[in-house]
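Please treat every number below as a calculation from the coordinates, not as lab data. Here the structure is a predicted model, which means the values were calculated and not measured. FYI the Cβ positions are ideal-geometry reconstructions off the backbone, even for glycines, and counts take in every protein chain you see.
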Number of protein chains: 2
Amino acid sequence: MNFSSRIKSVEASTIMELLTYAEEAKKQGKKVYYLNIGQPDIKTPENFFKAIANDKENVLEYALSEGLPELRKAIQKYYKEYDINFDIEDILILNGGSEALFFTMLTICNEGDNILVPEPFYSNYNSFANAVGVQIKPITTLAENGFHLPSKEEIVSKIDKNTRAILFSNPGNPTGVVYTKEEIKMISEIAKEHDLWIIADEVYREFVYEGEYTSLGNVKEVEDRVIIVDSVSKRYSACGARIGCLASKNKEFMGEILKLCQARLSVPTLEQVGAVELYKTPNSYLEEVNEEYRERRDVLYNELIQVPGVICKKPTGAFYIVAKLPVKSADDFVKWMLSDFEIDGETVMPCPAEGFYKTEGLGVDEIRLAYILNKEDLAKAAKILKEGLEAYLKLNK
Amino acid sequence: MNFSSRIKSVEASTIMELLTYAEEAKKQGKKVYYLNIGQPDIKTPENFFKAIANDKENVLEYALSEGLPELRKAIQKYYKEYDINFDIEDILILNGGSEALFFTMLTICNEGDNILVPEPFYSNYNSFANAVGVQIKPITTLAENGFHLPSKEEIVSKIDKNTRAILFSNPGNPTGVVYTKEEIKMISEIAKEHDLWIIADEVYREFVYEGEYTSLGNVKEVEDRVIIVDSVSKRYSACGARIGCLASKNKEFMGEILKLCQARLSVPTLEQVGAVELYKTPNSYLEEVNEEYRERRDVLYNELIQVPGVICKKPTGAFYIVAKLPVKSADDFVKWMLSDFEIDGETVMPCPAEGFYKTEGLGVDEIRLAYILNKEDLAKAAKILKEGLEAYLKLNK
């Protein structure tokens with residue numbers, strides 16, 4: 001039977017093969033600390049579940065394609081607290097940040113168009129792009145620079161007549177980078193000068209541990225070309241709700257993308273009812289979560305950096321660290337950790353970072369760590385990782 | 001700012017303009033019976049809500065991209081009762097039938113490919129297709145024939161080198177047609193002879209009021225090329241759950257489309273927990289619902305057919321009727337019903353059927369009626385519709 005070349009160009013999740021190594025390790029009685037995925041362990045605010053349990057409906061009807069009005073209002077209010085003033089019509093509810101990104105690509109790109117993305121980047125950007133014939137043009141950033149952006153000239157040199165947008169997550173997944181005000185200004189200038197959209201994936205926006213955060217929502221000069229992708233997944237540890245949103249002051253964009261929202265009818269009604277309550281979560285929740293993540297980051301980073309040859313600047317956002325290791329193949333190192341290493345019957349599973357790069361050959365010596373375990377476990381995991389790395393280096397020198 | 005030509009080719013929901021007429025009617029104090037949408041009024045089984053309310057989780061995590069194992073098993077069991085034997089791996093959970101269709105198109109079609117679809121058809125087929133550069137080639141069916149398929153020759157004449165699939169809903173939305181065993185056999189033969197996929201949208205499969213139903217899942221000869229699209233939306237009146245599925249014995253297809261499922265991470269966890277219970281609903285629920293719809297259909301059909309010039313065979317499935325009216329413009333008729341007609345302060349809103357046709361000019365004199373009101377209301381609505389139509393014809397002859 002015939003398959004499309006576009007589906008063939010979408011890569012399968014690369015973590016699967018490694019997960020079979022982890023399964024094998026577990027079978028042998030090892031405990032595996034998983035640092036490979038972005039699934040937080042933080043409690044979801046109870047009001048989410050309560051609101052859904054209390055929602056008495058006889059008939060579970062389609063919601064409006066735009067999203068529940070109460071939820072759009074709650075998000076409008078959320079942004080207002082950051083001094084970002086959206087109309088209700090500037091906000092649409094999507095099935096997670098994923099659908100928001102996917103529909104955005106379809107709305108602004110034809111097949112053969114391209115989008116600039118600082119690499120390493122969230123690998124599903126590439127899956128969505130390939131699925132709809134859009135090319136991602138990577139702007140390479142380096143562990144040595146803490147994954148901050150290269151010069152304006154270097155970025156501009158990547159733009160061609162088919163470039164439609166700059167897309168990035170800020171704070172960054174997988175890097176944990178938080179772009180400076182100057183970087184955001186530079187991106188805005190480039191977008192204006194070259195008539196590009198800016199797709200700002202700000203799903204980690206509360207997870208900033210030092211310094212200032214600059215949202216694209218606050219940059220007035222480009223408000224007609226900014227598309228903010230957001231989600232409750234990380235903010236409220238509600239990944240399984242699959243509630244995301246798009247926010248843009250470009251009314252034509254919102255009108256065009258609404259047609260796709262209408263085609264898929266609606267986002268689950270009950271999850272939206274719950275999400276309204278998430279946005280009412282007191283700030284203290286986020287403050288505590290933030291403090292927790294900051295401490296975890298320090299635990300993990302401080303352990304990691306002790307190994308000679310590891311290149312890693314302390315990230316200031318999200319809940320990830322990407323580190324360059326003095327190894328030939330991070331993939332081989334991860335497999336070795338799962339198959340051949342343990343301390344008291346325990347080992348660690350990092351995520352090889354190669355899948356976050358588009359440029360061939362980059363990231364092969366890097367790993368991404370998600371600090372999504374409680375401090376006690378994370379401290380153990382960090383120690384195991386450090387000692388494992390040291391042992392691996394000794395074996396392979 | 002730049003938009004893709006593909007998004008420009010997606011049409012906005014055409015019902016919106018008419019809804020403003022309905023709003024206006026309501027403002028003037030009229031009661032409007034809505035027969036224009038496929039949102040059933042039947043009670044959703046309570047166990048759906050109970051299961052969700054009882055699901056105690058601290059952290060609402062991502063579900064597996066494939067779907068909850070319990071739900072895939074429940075669906076496997078559901079099919080087994082119809083003598084369709086799927087492996088668990090043959091079943092994937094999607095965000096409604098909508099996502100199932102959308103991802104299927106991406107998986108089997110490149111830009112420029114086409115899919116044969118009997119028209120009139122569910123208009124969002126066209127939205128999905130346009131969004132990803134796929135052309136729908138209509139196979140026109142007629143009210144006079146109860147919207148049954150034309151000859152094999154006529155269908156085959158539409159196939160060209162870029163044709164990848166035959167897609168149809170059975171029972172049909174908007175027509176209510178249930179294809180005969182012979183028609184299913186013919187489609188299967190065509191697919192085999194011309195190496196096409198068969199995308200069988202069987203979301204209305206329980207809603208069959210007379211005669212036999214033939215599922216593509218039971219046609220052994222084409223099991224490697226059949227993709228069944230399904231959903232809990234209509235079956236269990238749970239449209240707002242947005243739980244759909246794909247089922248196919250073509251393992252390569254399932255492997256390819258899984259990559260898109262992985263890219264969008266997962267379907268909402270709680271809705272899947274609820275959906276597991278839906279599949280445990282006793283058969284008596286569906287039998288009662290079925291009987292209810294059958295009676296409603298009769299009420300509506302018997303009223304409608306009394307108006308001279310109306311062409312409509314009694315549909316045997318789904319909960320829709322498409323009728324050809326002796327009018328120039330069904331759109332004008334619907335607007336007139338909302339603006340200028342009433343009986344005791346009440347009127348009716350049908351859906352003009354033009355949007356269900358791809359061929360220019362077809363369907364302009366047809367309406368679709370969804371019998372989604374209780375019998376008492378529906379009887380009133382049917383009477384108002386009949387009298388309205390008679391009055392409109394008198395005015396416009």
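The table for this structure:
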quantity: Pairs of Lys in region A:190-314 closer than 18 Å at Cα, counting only those 8 or more apart or on different chains; calculated: 8
quantity: Size of electric dipole in the protein assembly as shown: Cβ of Lys, Arg +1 and of Asp, Glu -1, about Cα centre, debye, nearest 20; calculated: 160
quantity: Cα-centred dipole magnitude for region A:170-284, charges only on beta-carbon of K, R (+1) and D, E (-1), debye, nearest 20; calculated: 440
quantity: Where N is the number of residues in the protein assembly as shown, Cα Rg divided by 2.2 N^0.38 Å; calculated: 0.99
quantity: Gain in span if fully extended, B:Ser9 to B:Ala379, counting 0.36 nm per residue against the direct Cα distance; calculated: 129.3 nm
quantity: Nearest-first distances (nm) between copies at A:Lys50, label 7 Å from Cα via Cβ; calculated: 2.4
quantity: Acute angle (nearest 10 degrees) that the helix A:181-193 long axis makes with the longest principal axis of chain A, alpha-carbon atoms; calculated: 50
quantity: Relative contact order (%) - chain B, alpha-carbon pairs under 8 angstrom, separation at least six; calculated: 25
quantity: Within region B:236-386: Cβ-based charge dipole about Cα centre, in debye rounded to nearest 20 (Lys, Arg +1; Asp, Glu -1); calculated: 620
quantity: Residue with peak Gaussian network fluctuation, chain B [Cα springs, cutoff 10 Å], from B:Gly38, B:Gly274, B:Gly240; calculated: B:Gly240
quantity: Shape call, region B:178-267: gyration tensor on alpha carbons, a/c limit 1.5; calculated: oblate
quantity: Euclidean distance between Cα centres, region B:118-140 to region A:166-218, Å; calculated: 38
quantity: In degrees, nearest ten, helix B:69-80 long axis to first principal axis of chain B (Cα); calculated: 70
quantity: Mean separation of Cα contacts under 8 Å, 6 or more apart, over the residue count of region A:164-291: relative contact order %; calculated: 21
quantity: Prolate/oblate/rounded label for region A:308-385 (Cα gyration tensor, a/c 1.5); calculated: oblate
quantity: Computed helical MRE - 222 nm, chain B, DSSP H runs ≥ 4 contributing -39500 (n - 2.57), nearest 500; calculated: -12000 deg cm²/dmol
quantity: Residue among A:Ile372, A:Leu362, A:Ala318 farthest towards the positive dipole end of region A:302-384, charges placed on Cβ; calculated: A:Ala318
quantity: Label spacing, shortest first and in nm, from B:Glu390 to its equivalents in the remaining copies (7 angstrom along Cα→Cβ); calculated: 9.5
quantity: Between helix B:15-27 and chain B: long-axis angle, C-alpha atoms, 0 to 90°, nearest 10; calculated: 50
quantity: Across the identical copies, how the A:Lys80 labels are spaced - nm, sorted shortest first, 7 Å along Cα→Cβ; calculated: 5.4
quantity: Exposure proxy ranking, count of Cβ atoms within 10 Å, fewest first, for A:Asp41, B:Asp83; calculated: B:Asp83, A:Asp41
quantity: Directionally averaged projected area (convex hull, Cα atoms, region A:5-157), nm²; calculated: 15.4
quantity: Rounded if a/c under 1.5, otherwise prolate or oblate - chain B, Cα gyration tensor axes; calculated: prolate
quantity: Axis-nearest residue of B (beta carbon) for the B-onto-A rotation, whole Å; calculated: B:Ala53, 2
quantity: For chain A, built as a Gaussian network whose Cα springs stay under 10 Å, the top-fluctuating residue of A:Ile321, A:Ile311, A:Ile227; calculated: A:Ile311
quantity: Highest-MSF residue in chain A out of A:Lys77, A:Lys43, A:Lys185 [GNM, Cα springs under 10 Å]; calculated: A:Lys43
quantity: In region A:67-126, the GluC sites (Glu not before Pro) that fall in loop regions by DSSP, at most 14 other Cβ within 10 Å; calculated: A:Glu81
